[in-house]
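Single-structure report; data block below.
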Amino acid sequence: MEHESKELLEKHGIKTARCIFVQDENEAIKAAKSIGFPVVMKVASREILHKSDVGGVILNVNNESEAKKAFNKLMSIEDVEGVNVQPMLKKGIEIIIGVTHDEQFGSVLMFGLGGIFVEVLKDVSFRLIPLTKQDAEEMIKETKGYRLLEGCRECKGDVNALIELILKVSDVVENESILEMDLNPVFVYEKGYVVADARIVVGNKKSFKEKIGDISFFFNPKSVAIIGASRDPRSPGHTIVENLLSYKGKIYPINPKAEEILGLKCYPSLGDVDSIDVAIIAVPSKNVVEIVNECAEKNVKGIIVISGGFAEGWEYGSELEREIVEIAKSKGIRIIGPNTMGVLNPENGFTSFFSPITRMNLKTKLGNIGVLSQSGAFANFLLFSLHHIGFSKIISIGNKCDVDEVESLNYLLNDKKTEVIAVYLEGFTNGRAFYELMKKSNKPIVVLKSGRTKAGKKSALTHTASISTSDDVFKAACKQAKVVKVRDYDELVDVVKALSLLPLPKGDRIAVIQPSGAECVMSADAVEENGLRLAEYSDKTLERLVELSPEWHTISNPLDLYPIIEKSGDKAFFEILEIVANDDNVDAIVTGAFISLLLKQDFRWLKKIEKPILFTFKDDLEMFRQAKMKVENLGFPVYSTPERAIRALKHMLIFV
């Protein structure tokens, strides 16, 4: 109850309004007199969450007679256990600090405007516990209510005291068995604060410890069996074999009705082949249990189950999934999937993908992008979008009945070829462990998580638990871990290719060069809206640009390219790029271009410039698409609008 919650907070150095719990009339009067009138009297109950909703808070109790009347009124409320008496506090800025225990991420702290405004305005921010001082500062500044705390119309709050309070709450939750907490309202003054009301729910916290196994053998097997290999070009079992033809290890297609597939000898069963490192299963789900048993007898190291029809579809599928996991665990076999594309390693040609990569002549470049995707289709989309930029490894985990997002991320973080990590997830097996890995990463991570909305939330014991959503919590986790969280596929591709191809900007001063006034204006808006700055050119840069321009042309940032090209010719474009790039006041360049010039000029020398250069032009026509492929193959990302390029730059700065 409230008085017990406040005693615990006081023990940890958190200042609260003195609270005396009473259960009879005389005690109530005695408590009020000891505190000094006027007092506040509140209903005390483990069952009542919102005291004001049941008439359970009486303010400005000024004398013994009023105290007696208030006590009797409060004791008539259903589920009452007693009455709390506390001093009438001076009004300040009302804020709320709360804690909830998220089922995937553990203890989460919420900060925002307090009182009824937390429910109406939802002006709140979240962070995972434990917090650093920087976390506390950032979450306060994120709220719109921060303007009140800074000072507005003779109203000001002690931000430093609030930071200290948030850190103390973080410590309390770390050291005590607290599941949920509401400090609402907390009155913040120009100097200091007081917790006016407090509610704490204690209990056992969920453990997020996870044993992380080594899954590297999935990417470098010496031998692979394809169960469900087929002569039918339309089937996944045929396409997988076709995609493996460039793989240098031993390939064993398993098909009792075929002698060979695509020139490879077929085998009737797993029992007819030598030792196997990885088995790829592409048969109906009802037959998979039998095959997993055969894999267990053969001492296969790992299994990739391509097939669908498991826990994602029906109850019988869930039973099948549980059964194959049980068999595999008994023999120490690891499983990727089911319902997945599996893995792709461009370095050695090993893959379990069943999209027609070979048939399409899609040559996947060996690069530095590692992909972790829960969806096989999503992994496939990325392969099509970024094959020319290049991948280190791709892993699609599907239903993740065994190998999950934590082990997959851990593998990519330790993979020497991987420098940038793209993640697509729909849910978590162990969100806290995933967060801890993200936080330790020295590689840029870009995450797209679907399922952001929530149709309903179970009844909770505190405001904080009912206000927070899984997406709120994951956003907070990404902020603390310095990970980019994007909203859609295009944004993921935009950011990942920038991180893959370019050096990180050293600051937020952006130079914009565009072939039209409209694009200049749109770019300027995007720079400001994304919290970046337009660079101020040095006098030397301005002088050189003036030399290239007609006398009537105003030189500024953004720079309208067309008048310069009219006077000095289209080759002046690259001279302008070099002039601007060499300006110490410029951290990054966003530039449009003339497509014909890009197609006929060799400008690989631009890579010598150690600043990010992002190109913007449309790709609606074939000529534009050719230009895009050329520019990106030379190492510069291309975006269809200035807004997308500038948004990518903003995200890059997270890693600076």
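The values are calculated or read from the model by the stated rules, or taken from the named source; none is laboratory data. These numbers were taken from a predicted model, which means no experiment stands behind them. Ideal geometry is used to build each Cβ from the backbone, glycine not excepted, and the neighbour counts take in all protein chains shown. The accessibility values were calculated without ligands, DNA or RNA, using every heavy atom of the protein model including side chains. Shrake-Rupley method; radii C 1.70, N 1.55, O 1.52, S 1.80 Å.
Relative to the current alpha-carbon distance between M360 and K475, full extension at 0.36 nm per residue lengthens the span by 37.6 nm. Proximity of backbone amide H atoms, modeled 1.01 Å from N, is registered between I304 and A279, I280, I281, I336 at under 5 Å, excluding neighbours fewer than 5 places apart on the same chain. Seen from a random direction on average, the alpha-carbon convex hull of region 238-330 projects onto 6.2 square nanometres.
Note on E7 and K482: the model spin-label points, each 7 Å out from Cα along the C-beta direction, lie 4.4 nm apart. Under 12 Å Cα to Cα from K571, which aspartates and glutamates show up? Leave out anything in the same chain fewer than 8 places away. In chain and number order, the partners are D602.
Quick one: angle between helix 64-75 and the longest Cα principal axis of the chain, in degrees between 0 and 90, rounded to 10, please. Value to nearest ten degrees: 50. Translational diffusion of region 518-581 was estimated from the Stokes-Einstein equation, with Rh taken as the Kirkwood radius over Cα pairs; at 4 °C and 1.567 mPa s the coefficient is 104 µm²/s. Near K485, the amide H atoms lying under 5 Å from its own belong to V447; only residues 5 or more places off or on other chains count, and H is placed 1.01 Å from N.
Expressed in units of 2.2 N^0.38 Å, where N is the residue count, the Cα radius of gyration of region 65-196 is 1.18. Once the Cα-Cα distance is subtracted from the 0.36 nm per residue extended length, the E315 to D79 segment shows a gain of 80.7 nm. Counted residue by residue at 0.36 nm each, then reduced by the alpha carbon distance between them, the extension gain from K91 to K122 reaches 9.0 nm.
Translational diffusion of region 471-533, estimated by Stokes-Einstein from the Kirkwood radius over alpha carbon pairs at 25 °C in a medium of 0.890 mPa s, is 175 µm² per second. Among the trypsin sites (Lys or Arg not before Pro) in region 522-602, those located in a DSSP loop and surrounded by at most 16 other Cβ atoms within 10 Å of their own Cβ are K571.
Loop only per DSSP, at most 16 neighbouring Cβ atoms within 10 Å: give me the chymotrypsin sites (Phe, Trp or Tyr not before Pro) in region 171-240, ordered by residue number. Passing both the DSSP loop test and the Cβ count: Y189, F208.
FRET efficiency for the S385 to A161 pair, using the beta carbon distance and R₀ = 56 Å, is estimated at 0.70. Modelled label positions at R322 and D584, each set 7 Å beyond Cα in the direction of Cβ, lie 6.9 nm from each other. In sequence order, region 133-146 has phi-based couplings of 4, 4, 4, 4, 4, 5, 6, 5, 5, 5, 7, 5, x, 4 Hz under the Karplus curve 6.51 cos²θ - 1.76 cosθ + 1.60, θ = phi - 60°, and Gly or Pro positions carry x. Based on the Stokes-Einstein relation at 25 °C and a viscosity of 0.890 mPa s, and on the Kirkwood radius from alpha carbon pairs, region 528-656 is assigned a translational diffusion coefficient of 159 µm²/s. For region 1-159, the solvent-accessible area of protein heavy atoms averages 50 Å² per residue (probe radius 1.4 Å; ligands and nucleic acids excluded). In terms of overall dimensions, region 1-100 has a Cα radius of gyration and Dmax of 13.2, 40 angstrom. For the chain, the residue among V195, V403, T429 whose Cα projects farthest onto the positive side of the dipole built from Cβ charges is V403. If you take the alpha carbon atoms of region 470-610 and fit the smallest convex hull around them, that volume is 134 Å³ per residue. Distance from the alpha carbon centroid of region 241-264 to that of region 89-114 works out to 59 angstrom. Estimate the FRET efficiency between S275 and E174 by the formula 1/(1 + (r/R0)^6), using the beta-carbon distance for r and 60 Å for R0, to the nearest 0.05. Calculated transfer efficiency: 0.75. Over region 366-431, the pair-distance histogram of Cα-Cα distances with 5 Å bins from zero comes to 4, 19, 31, 24, 16, 6, 1 percent, rounded to whole numbers.
Can you give the Rg to Rh ratio for region 180-280, taking only C-alpha atoms and Rh from Kirkwood? Here the Rg-to-Rh quotient is 1.58. If you take all other residues with their beta carbon under 13 Å from the beta carbon of V656, and give Lys and Arg +1 and Asp and Glu -1, the sum is +3.
Across region 24-32, rounded Karplus estimates of 3J(HN,Hα) from the backbone phi angles (6.51 cos²θ - 1.76 cosθ + 1.60, θ = phi - 60°) give 9, 4, 5, 4, 4, 5, 4, 5, 4 Hz, Gly and Pro being marked x. Recomputing Cα Rg over 2.2 N^0.38 Å from the coordinates shown identifies the correct label among (1) 1.31; (2) 1.21; (3) 0.99 as (2).
For the peptides 27-40, 546-559, the ranking by mean Cβ contacts within 10 Å, running from highest to lowest, is 27-40, 546-559. A crude spin-label estimate for the pair N220 and K608, with each label 7 Å from Cα along the Cβ direction, gives 3.7 nm.
Close amide-amide hydrogen proximity is noted between G342 and S396, each under 5 Å apart and 5 or more residues distant or on a separate chain (H modeled in the peptide plane; Pro and chain starts excluded).
Per atom type, the chain shows carbon and sulfur on 48% of its accessible surface, probed at 1.4 Å. For region 227-240, the Karplus equation 6.51 cos²θ - 1.76 cosθ + 1.60, evaluated at θ = phi - 60°, returns couplings of 8, x, 4, 9, 7, 7, x, 7, 8, x, x, 7, 5, 4 Hz by residue, with Gly and Pro reported as x. Dipole magnitude for region 200-239: about 160 debye, using +1 per Lys or Arg Cβ and -1 per Asp or Glu Cβ, origin at the Cα centre.
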